[in-house]
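Read through the structure below, which is laid out as structure tokens, and then see the notes.
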Amino acid sequence: MPDEKKLSLQDLSEKKISEVLSGYPSFRAKQVYLASMQYKEYEQMSNLPKDIIAFLSERYDDTAVRIQKVFEGKDGTEKYLFLLRDGNMIEGVFMPHGYGNTICISTQVGCRMGCAFCASTLNGLVRNLTAGEMLGQVLAVNVRHGGTLKKRAITNIVLMGSGEPLDNYDETTEFLRLVSAENGINISLRNISLSTCGLADKIKLLADSGLSVTLTISLHAPTDEIREKIMPVERKYKIAEVLDAARYYFAKTGRRVIIEYSLIKGVNSRVAEAKKLARLLRGFSCHVNLINLNEVKERDLSGVDKATADAFMTALTESGISNTMRRSMGNDIGGACGQLRRKFVGEEGTY
Ligand code: SAH
């Protein structure tokens, strides 16, 4: 990063802004906080005196991320490339639903978890995002869709873009506090899903934090042997340990856990594997979210045909495991799971 210490205004809570501006009348801090949450640039903050703008701009950037490119899908999905202040790029996706709009955001530039099927991890981890850079993605898209703080254009958030949120625990949990703050965009923790490849100790920490988001576990396999082939994290945390942590999460928060399971041809998608999965999850209050693997060109793995997917679902249902098949949105714009950023890495961005 050219200027590593310079955070953006979105990294600051309302309280922190009050502290930073303690030399000024207190209503100024409130004005700055609201401007930040409305994602205004310094030049748009016309209600603030020049000396405060100068004071702040020396210390903080006005906006943490900017929308560099937008790809509009036929189904209303939008895919974004966000440009960070150090020139790095991350991706996000906007998905309209009948009940509201969901944004999928990134938590790291790249990822070091190494899952065999995921495009985000191909070049390893570049760096963690700050809490403000996560919040910036939400605010930029809220404003783009005409949303305000009172009337939000974003109602739901999923932490399923690039990165492993629990590998960036402190910034991710700070983001959860900032995004659910009462005077900010105030998105309820209930409407936020945090997806993890299964860092068991961090799952427990999150359970104890009081930040009761919906927890999604990327399981993708019913046995340690299969999981090991596709998810290196398995070497550190075995399935039993991950599910123990998930049970702990449920016990602490009362929130049903979602199990994410991508169907991969010849790897984890036979009826025998569905039955093993059902046995593994019996008695646990969870829901299985199936998704057909999106092919990643660089990887030699593919999804399954409809008959295989149907047979897998039927086997789960017959064993009493609640499940749905996730509709993959935004395929036409490379919007599905980690597909976009790589095409543009290397392309120059200007912030
Ligand atoms: N690191 C977190 C969140 C990011 S990935 C995690 O592992 O959960 C979000 C979800 O997309 C995860 O369930 C991940 O396993 C899945 N995913 C990644 N690449 C995929 C692909 N090519 N096809 C289908 N799902 C994929």
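The values are calculated or read from the model by the stated rules, or taken from the named source; none is laboratory data. These numbers come from a predicted model, not from an experiment. Don't worry about glycine lacking a Cβ; one is built from the backbone with ideal geometry, like all the others, and counts go over all protein chains shown.
When region 192-207 is limited to residues that are buried (at least 18 other Cβ atoms within 10 Å of the Cβ) and away from the ligand (no atom under 12 Å from the Cβ), the one that is nearest to Gly161 (Cα to Cα) turns out to be Ile192. Report yes if Ser262 is over 30 Å from Ala207 (Cα atoms), at pLDDT 95 or above and touching a Phe, Trp or Tyr at 6+ places or on another chain (Cβ under 7 Å), otherwise no. It is false that Ser262 is over 30 Å from Ala207 (Cα atoms), at pLDDT 95 or above and touching a Phe, Trp or Tyr at 6+ places or on another chain (Cβ under 7 Å). Say we look at region 211-259 and pick out the residues that are polar (S, T, N, Q) and within 26 Å of Cys104 (Cα to Cα); which of these is nearest to the ligand (Cβ to nearest atom)? The selected residue is Ser218. Determine, yes or no, whether Leu48 is part of a loop (DSSP other than H, G, I, E, B) and either on the phi > 0 side of the Ramachandran plot or touching a Lys or Arg at 6+ places or on another chain (Cβ under 8 Å) (or both). For Leu48, the condition - part of a loop (DSSP other than H, G, I, E, B) and either on the phi > 0 side of the Ramachandran plot or touching a Lys or Arg at 6+ places or on another chain (Cβ under 8 Å) (or both) - is met. Scanning region 141-150 for residues being in a helix (DSSP H, G or I) and free of Cβ contacts under 8 Å to residues at least 60 places away in the same chain gives a total of 0. Being under 24 Å from the mean Cα position of the chain (by Cα) and of a type in the set (Asp, Glu) holds for only one residue in Asp244, Asp224, and it is Asp244. Filtered by the rule that a residue be assigned to a loop (DSSP other than H, G, I, E, B), more than 23 Å from the chain's Cα centre (by Cα) and farther than 19 Å from Glu228 by Cα, region 256-284 gives Arg282, Gly283, Phe284.
Residue by residue through region 241-255, note down the ones that are charged (D, E, K, R) and either free of Cβ contacts under 8 Å to residues at least 40 places away in the same chain or within 15 Å of Gly210 (Cα to Cα) (or both). Within region 241-255, Arg247, Lys252, Arg255 qualify. Within the bounds of region 122-140, is there any residue that is free of Cβ contacts under 8 Å to residues at least 40 places away in the same chain, assigned to a loop (DSSP other than H, G, I, E, B) and within 14 Å of the ligand (Cβ to nearest atom)? Scanning region 122-140, I find at least one residue that is free of Cβ contacts under 8 Å to residues at least 40 places away in the same chain, assigned to a loop (DSSP other than H, G, I, E, B) and within 14 Å of the ligand (Cβ to nearest atom), so the answer is yes.
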